[in-house]
Amino acid sequence: MPSKGNSRLRLIILLGSAVILVFALLGALQAFNTSNVTFLNPDTTGETLALTGLTVVLFLMLIAMLVLLLRNLLKLYADQGSRALGARLRTRMVVGAVLIALTPAVFMFLFSFFLMNRTIDRWFSPNMSALREDSTRVVLELAQYVAGNARGEADSIAASGAADRGGPGLQDIYIAHRITLDGGLVVVYARDRSVVSTFQAPPNTTPASLIPWLPEDSEKREGVTPIPLNGPLYNDLLTSAQRKDQPILRIADQEYALGMAVSPAGNIIVTALPMPQGLSQTTVRIRKGADEYWALFRMRKTIRSNFFLLLLLVTVFVFFSSVWLALFLSKQITRPVAALADAMDEIAEGKYEQRVELVANGEMAELVRTFNHMAADLENSRRMAESSSAQLTTANLALEERRRELETILETIPSGVVTLDSSRHIVQANRAFANLLGLPSDPELQGQPFDSLLPPDCTEEVATVIRRSHRMGAASTEIEMHLRGRNMHLAITSARLGLARGKQGTVLVVEDTSELLRAQRQLAWKEVAQRVAHEIKNPLTPIALSAERIGKHLDRAQPESPSVIRKCSEVILSCVSTLRTLVDQFSALAQFPAPQPRPCDMNHIADEALTLFAGRLEGITVQRELTPGLPAVLADPDAIRRALANMIDNAAEAMQGSLLRILAVGSALSEDGAAVEVWVSDTGHGLTDEIRERLFLPFYSTKHRGTGLGLSIAAKIVQEHGGTIRAESNTPKGARFLLRIPLMDSTMAPSSEAEHPEPLRELRS
């Protein structure tokens, strides 16, 4: 809201502006002779004092405006020095307003001042002065001429003595003069001022007025307005004729020039000759104009000074108005900006309830409304943030409690648990893991590479099981490592762990199964030894007894010896058959379960095998090239799925380190139409001829710590289904594994002879 001081200043400026405009208007009216403003042309001492007072007032107003202007400029300079908010903007607006407003104002000031000087010089030039003097001289000579004629008539009448004699002949003398022709009048007075006789004089009660003709005092000027005479006409006529300024007497509507003479007898003769109509007014105007001209001539310096002050006052007022208007407009911008800055400081200190109450217009009002709306949003956001912070604090406390519980559980369980990030650095490990590997406590393990904690020959196998767990969700392996002077057998289970920002981590559970495995092996061997000894001991006793009997009968031939030897041989053969059956049963313990074939779709089995790796083949492009509508095959879906999963896992493992990683799984009907072919191809390092020949042999592996049983098991599964499997090079690079499973009509039963070892076939023969 505007302050009281600003309101007072505005009122003063408005009043000053009104006064200046009024005086400027009056000066213009007087300069162009459009109005009769007498106090600007003083004829009296009072008018001179009024004009002097006006000059003083104008000068004081000029000084006041200069002081106010200087105060505003000094305040602006102080704000500029203190780097107050908006000072530069106010300075630029003031400078711009001054340059825009002051330049034409100064030009008009100089132009008006030069024009006024030139006009005054023209007014008071020698030619104008001579013209005024000639006009005055003409008026003076005319007055003397008219007054001389009236005096001449009076002197002529006085010289004739008719006025002293009186009688009837006096009228003839008056008629003989010009008085009768001109329509004048004559009044003869005695020495005591009594009327002796009159000629053509109106009644004594006729009103009359006096018009001064020539001034008695050069310093005193009267107006052109006639002076009424209140006495009798004849007395006023004598008094007017005795005046030195030779005035004009107006009786009714006629003006008369007066002349006076004294007869030899002492009588006073007053003659009044009529003047042309309006001559007195014309001569009076000429005389008054001359008087006014000389008055202005004497005051030309004062007029010049007054106009100069008036023009200077208007110029300063324009300058002051432009500066004030610039300051006022700048405050309309800087005040809301300053209020916004103060409010922003309050909000920065946490006082979000702060609002800007300043009244503004236009865009600044919109800015203030937007700021208040923003402050309200910030206040609401702070409340929501405080509420969310309270909820988050509660959730954090709950999470902290759960974290402590989880840490307690991890520290309590005997198995080693370690969490790895995507680069296989340790995130967290429990005490059991540190104790298992003989490492320091958990805080010292965080951030260390997990591979650096294991022997070099174990890192690749652990990396393999980690990659497999990322593809299949979970994977396990067992490794043997030499640590702290002894051999350790570790069982490692790896599980995929989702981390923040879409990254994947790993959780490893490590158990030392050395003692357990040793105990299990001892127990198993003990049980196997006992059972084998028991099972072998039973048939060996009859064999031994039969052999002894055969030996006895061979040493001494007896008639019953052949029959005894035959019986003993049968017993020995029976026991050998029992031993063969026992060997077959032991061999069956190491074999996979027998397949359970049934009609199935190979495309469906391939899809299920790929589904096992859904989301776990990171960085690998999977291409499905399955031909729809293939005939059904007679196969064990679980066994075929295990074989395909093994080949897919091997293909993914073979592409580690390759720039181009594409895994393709496809199916098609064979060219002869007797089988369905399913292939798995990769873009890995490929196969050499030597590797291709030995690839499906048991215990052969291209990996450093592989078992070499995966592809041999897959080949056995395919063989059990009467199919074939082969490996070939892929285009443009990598390897391609092709499974061929016969259709239901041509499926061959697995050969039973392959299940019996060659030595037993020889015994059977």
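The distance between label points at Glu133 and Phe297 comes to 0.7 nm (points 7 Å beyond Cα on the Cα→Cβ vector). Taking label points 7 Å from Cα along the Cα-to-Cβ direction, Ala50 and Leu697 give a separation of 14.1 nm. Remark: the Ser514-Glu357 segment gains 48.4 nm on full extension, using 0.36 nm per residue and subtracting the alpha carbon distance. In this calculation the C-beta distance from Leu660 to Gln719 is compared with R0 = 22 Å, giving a FRET efficiency of 0.10.
Note on His604/Asp421: beta-carbon distance plugged into 1/(1 + (r/R0)^6) with R0 of 30 Å gives a FRET efficiency of 0.20. Along region 250-263 the Karplus relation, 6.51 cos²θ - 1.76 cosθ + 1.60 evaluated at θ = phi - 60°, assigns HN-Hα couplings of 10, 10, 6, 9, 10, 9, 10, 8, 9, x, 9, 8, 10, 7 Hz to successive residues, with x for each Gly and Pro.
Remark: region 447-457, residue by residue, has Karplus-estimated 3J(HN,Hα) of x, 7, x, 5, 5, 6, 8, 10, x, x, 6 Hz, where x stands for each Gly or Pro and the curve is 6.51 cos²θ - 1.76 cosθ + 1.60 at θ = phi - 60°.
So how much slack lies between Ala348 and Glu407, counting 0.36 nm per residue of separation and subtracting their Cα-Cα distance, in nm? Can you show the working numbers first?
On the way: separation 59, 0.36 × 59 = 21.24 nm, distance 4.14 nm.
The Ala348-Glu407 span can extend by a further 17.1 nm.
Cα gyration tensor of region 413-512, axes a ≥ b ≥ c as square roots of the eigenvalues: rounded (a/c below 1.5), prolate (a/b > b/c) or oblate? In terms of gyration-tensor shape, oblate.
Residues whose amide H comes within less than 5 Å of that of Gln448, counting only those at least five positions distant or on another chain, are Ile426 (H built at 1.01 Å from N in the peptide plane). For the pair Arg556 and Leu612, a Förster radius of 60 Å applied to the C-beta separation gives a FRET efficiency near 0.25, rounded to the nearest 0.05. Sequence-ordered 3J(HN,Hα) estimates for region 92-107 from the Karplus curve with 6.51, -1.76 and 1.60 and θ = phi - 60° stand at 5, 5, 5, 4, x, 5, 5, 5, 6, 8, 6, 4, x, 5, 5, 4 Hz, glycine and proline given as x. Model label sites at Leu545 and Arg383, defined 7 Å from Cα along the beta-carbon direction, differ in position by 10.3 nm.
Remark on Ala675: its backbone amide H falls under 5 Å from those of Ser670, Leu743, a criterion applied only to residues 5 or more positions apart or on other chains, H modelled at 1.01 Å from N. Subtracting the Cα-Cα distance of Thr393 and Thr578 from 0.36 nm times their residue separation leaves 59.0 nm of extension gain.
No value in this document is a laboratory result; all are computed from the given coordinates. These numbers come from a predicted model, not from an experiment. So basically every Cβ, Gly included, is an ideal-geometry build from the backbone, and we count neighbours across all protein chains shown.
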